[in-house]
Amino acid sequence: MAIITGAGRGLGRATAEAFAREGATVILCSRTRRELHATCAAIAAAGGEAFGRVTDIASPREVRALTQLTFRRYGRLDLLINNAGVLGPRVCLADYPSRDWVRTIRINLTGTFYITQQVARIMAKQGHGSIISISSSVGRKGRAQWGAYAVAKFGVEGLMQVLADELRPFHVRALTFNPGGTRTRMRAEACPEEDPASVQPPSIPAEALVRLASCSSMDISGRAFDLHNLP
């Protein structure tokens, strides 16, 4: 039983489809109804089971409704993949618009906290589970003109490390995964000069996430993974 955020397109959709192929029931959320329905329909057409709910993870009320509905419907929650996020402007911090700063941090970091907090409570009570947050190379080493996106990813890295320490007694894992350059709409916005064919399709990191989620060892909790250092 897996919740995947930002599942309407890109890596989120590819991840939902990959887990569904492995037999997982996937609960999907996105802010865009049309894309969310398309993902659910594709999974159903392939014989998988998916349930979608339009959710803004930056809304505590909507996040609470999603997690409570999931638990009431299925009685457990095994996995959360925090994928939802926005890019924000690619400008220097000195010129960064304050409105964009607030929005990017609110979705990418605070929203990730909201849904992680709700899921962590459920997983701690049931005594098992995994929380994997999508990170980025710019969330591990800052680079110019990545602004609030990079800062939020640094925050997500810290969030997972703190959570891993707190949830270890409950046998719940928390970790991050950097997929690397991936052929998505966000990547095209971030790097418009890049040839899309030069970066990997989202199916590759999606399969890596399936592998990472299948690892039951508590030794992986609190760690930062990418495609080249999977357990």
Just one listed residue, out of Ala20, Ala24, is more than 25 Å from Arg106 (Cα to Cα), at pLDDT 95 or above, under 18 Å from the mean Cα position of the chain (by Cα) and open to solvent by less than 20 Å² (accessible area, probe 1.4 Å), and it is Ala20
Yes or no: region 169-182 includes at least one residue that is assigned to a helix (DSSP H, G or I), modelled with pLDDT under 95 and either over 17 Å from Ser136 (Cα atoms) or of a type in the set (D, E, K, R) (or both). no
Condition met for Ala206 (modelled with pLDDT under 95, in contact with a helix residue (DSSP H, G or I) (Cβ under 9 Å, 6 or more places away or on another chain) and buried (at least 17 other Cβ atoms within 10 Å of the Cβ)): no
What do you reckon, is Gly6 closer than 20 Å to Met160 by Cβ, in contact with a Lys or Arg (Cβ under 9 Å, 6 or more places away or on another chain) and either open to solvent by 50 Å² or more (accessible area, probe 1.4 Å) or touching a residue at least 60 places away in the same chain (Cβ under 8 Å) (or both)? yes
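The values are calculated or read from the model by the stated rules, or taken from the named source; none is laboratory data. In this text, all values refer to a predicted model and were calculated from it rather than measured experimentally. Positions of Cβ are generated from backbone atoms using ideal geometry, with glycine treated the same way; all protein chains shown enter the neighbour counts. These area figures cover heavy atoms from the full protein model, side chains too; ligands, DNA and RNA do not enter into them. Shrake-Rupley method; radii C 1.70, N 1.55, O 1.52, S 1.80 Å.
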